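**Q** For reference, the structure I am asking about is given below.
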Amino acid sequence: MYARIAGTGMYLPERVLTNFDLEAMVDTSDEWIRTRTGIERRHVVADGEFTSDLAYHASRAAIEDAGIEPGDIDFILVGTTTPDLIFPNVGCLVQERLGIHGTPAFSLEAACSGFLYALGVADQFVRGGQAKRALVVGAETMSRIIDWTDRETCVLFGDGAGAVVLEQAETPGIMYSNLGSDGRYRDLLYAANGVSVLPKEGEGAALRMKGNEVFKVAVKTLGGMVDEVLDKNGLEKGEIDWLIPHQANIRIIQAMAKRLRMPMERVILTIQEHGNTSAASVPMALDTAIRDGRVKRGDLLLLEAFGGGFTWGASLVRY
Ligand code: ACO
């Protein structure tokens, strides 16, 4: 038994913040942001709009795309590092909005790798026969944990949500998942607004990143991981149809494309429109490419992400 992607969906909050808007907020420039990151604009939530709202709308779209009813879902998992509340978890909040009762529903936090982690876990439940149709979501309101006075981080992130419906299938589907983490790097990228750890005096409750050092470890780790995915699946470089990477920095994405000997035309880029939406970026990029007709049924996809923890993950998918 395997899990296949039966449907996808995404949702972006209405408000758009351009690089030019940010020029008026911190000492930065559209030119710096575009050339260093590839980002041109990002979406941010309105007051009173929460991660579970974005996750709900993306989920509705994925359920509709799969041609099923919410009641057909029997497993819900949301990857997020920006939950509405400590609890109930975002999975439960989405479950309630969808009018589903009794199924397992939970969220997991693996920063930008959250969706790949959620997909890897849900795949196990579907393959093991414990779930027939799983809803897997990546949803974030990064704007809520950003220090809007810190130009080194506030220009990078955005809000959004993406979702997929997995269903049982006799052929893959998800062919292979690879997940990893290394807590030694905890100080290079973290958000200090803890629950049992309180923010240090003067530090505030915001995301902090030593971007340059994260960049180097990200390129090295992702490079090793994609090599391993190819190796374990007997694939040659260039055999992947589409690379669907986490959208953190266009230069990291270009390095991965080069490593895979893939032209950039075969790489799904949404970073210019969405910025880094953490766990939401991969499912939103996937949905974007399916909607605009680039990714077709039968294509071989490599999904990958790297984020705080550090955490990383990849999924080889026959769509
Ligand atoms: N506008 C203008 N100048 C800036 C800005 C800004 N917004 N931010 C930093 N600078 C300046 C710095 O102060 C520095 O100035 P200096 O040379 O006078 O000291 C200069 O630009 C270069 O700064 P670097 O940090 O070396 O710039 P870099 O080329 O590394 O780009 C970036 C920074 C975009 C953050 C990059 O390092 C990066 O993308 N890192 C990886 C991010 C990532 O993958 N994170 C993981 C996922 S996120 C998650 O898990 C939540």
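The values are calculated or read from the model by the stated rules, or taken from the named source; none is laboratory data. Every value quoted in this text rests on a predicted model; they were computed, and no experiment measured them. So basically every Cβ, Gly included, is an ideal-geometry build from the backbone, and we count neighbours across all protein chains shown. Heads up: the accessible areas ignore ligands, DNA and RNA and are worked out on the full protein's heavy atoms, side chains in. Shrake-Rupley method; radii C 1.70, N 1.55, O 1.52, S 1.80 Å.
**Q** Pairs only if they're at least six apart or on different chains, beta carbon under 9 angstrom, first in the stretch 1-19 and over 23 Å from GLY48 (Cβ atoms), second open to solvent by 40 Å² or more (accessible area, probe 1.4 Å) and of a type in the set (Phe, Trp, Tyr); list them, first residue then second.
**A** Final answer for the pair search is ALA3/PHE125; ASN19/TRP32.
Residues are listed down the side, and each one gets a yes or a no for (1) among the hydroxyl-bearing types (Ser, Thr, Tyr); (2) closer than 30 Å to GLY128 by Cβ:
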{"position": "TYR2", "(1), (2)": "yes, yes"}
{"position": "GLY7", "(1), (2)": "no, yes"}
{"position": "LEU17", "(1), (2)": "no, no"}
{"position": "PRO88", "(1), (2)": "no, yes"}
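**Q** Follow-up question, since we're still on this one. Which of the following residues is open to solvent by 40 Å² or more (accessible area, probe 1.4 Å), touching a residue at least 60 places away in the same chain (Cβ under 8 Å), farther than 27 Å from VAL90 by Cβ and not hydrophobic (A, V, I, L, M, F, W, C): GLU40, GLU23, GLU31?
**A** Details: GLU23 fails: touching a residue at least 60 places away in the same chain (Cβ under 8 Å); GLU31 fails: touching a residue at least 60 places away in the same chain (Cβ under 8 Å).
Result of the check over GLU40, GLU23, GLU31: GLU40.
**Q** Still on this structure, please answer the following. If ILE250 meets every condition in (1) open to solvent by less than 30 Å² (accessible area, probe 1.4 Å); (2) more than 18 Å from GLY162 (Cα to Cα); (3) of a type in the set (A, V, I, L, M) apart from one, which number is that one?
**A** (1)
**Q** Follow-up. On the basis of being out of contact with any Phe, Trp or Tyr (no Cβ under 9 Å at 6 or more places or on another chain), within 16 Å of the ligand (Cβ to nearest atom), among the hydrophobic types (A, V, I, L, M, F, W, C) and modelled with pLDDT of 95 or more, does MET256 make the cut?
**A** Yes: the conditions hold for MET256.
**Q** Please find, among VAL195, VAL165, VAL229, the residue that is more than 13 Å from the ligand (Cβ to nearest atom), under 18 Å from the mean Cα position of the chain (by Cα) and not acidic (Asp, Glu). Spell out the reasoning first.
**A** Values: VAL195 fails: under 18 Å from the mean Cα position of the chain (by Cα); VAL229 fails: under 18 Å from the mean Cα position of the chain (by Cα).
Residue meeting the stated conditions: VAL165.
**Q** ASP231 fails exactly one of the following numbered conditions: (1) surrounded by fewer than 18 Cβ atoms within 10 Å (Cβ to Cβ); (2) under 24 Å from TYR11 (Cα atoms). What is the number of that condition?
**A** (2)
**Q** Given GLY308, GLY313, which one is open to solvent by 10 Å² or more (accessible area, probe 1.4 Å) and touching a Leu at 6+ places or on another chain (Cβ under 7 Å)?
**A** Details: GLY313 fails: open to solvent by 10 Å² or more (accessible area, probe 1.4 Å).
Step by step, each of GLY308, GLY313 is checked, and only GLY308 is open to solvent by 10 Å² or more (accessible area, probe 1.4 Å) and touching a Leu at 6+ places or on another chain (Cβ under 7 Å).
**Q** Please determine whether any residue of the stretch 148-158 is away from the ligand (no atom under 16 Å from the Cβ) and crowded, with 24+ Cβ neighbours inside 10 Å. Don't jump to the end; show me each part of the working.
**A** Narrowing the stretch 148-158 to residues away from the ligand (no atom under 16 Å from the Cβ): none.
Scanning the stretch 148-158 turns up no residue that is away from the ligand (no atom under 16 Å from the Cβ) and crowded, with 24+ Cβ neighbours inside 10 Å.
**Q** How about the stretch 210-228: which of its residues are open to solvent by 10 Å² or more (accessible area, probe 1.4 Å) and touching a residue at least 12 places away in the same chain (Cβ under 8 Å)?
**A** Start the filter on the stretch 210-228 by keeping residues that are open to solvent by 10 Å² or more (accessible area, probe 1.4 Å), which leaves 210-217, 219-221, 224, 227-228.
Scanning the stretch 210-228 gives LYS210, GLY211, GLU213, VAL214, PHE215, VAL217, VAL219, THR221, ASP227, GLU228.
**Q** When you check ARG294 against the structure, is it farther than 24 Å from LEU22 by Cα, open to solvent by 30 Å² or more (accessible area, probe 1.4 Å) and either charged (D, E, K, R) or more than 16 Å from the ligand (Cβ to nearest atom) (or both), yes or no?
**A** On the way: farther than 24 Å from LEU22 by Cα: yes; open to solvent by 30 Å² or more (accessible area, probe 1.4 Å): yes; either charged (D, E, K, R) or more than 16 Å from the ligand (Cβ to nearest atom) (or both): yes.
So ARG294 fits the description; yes.
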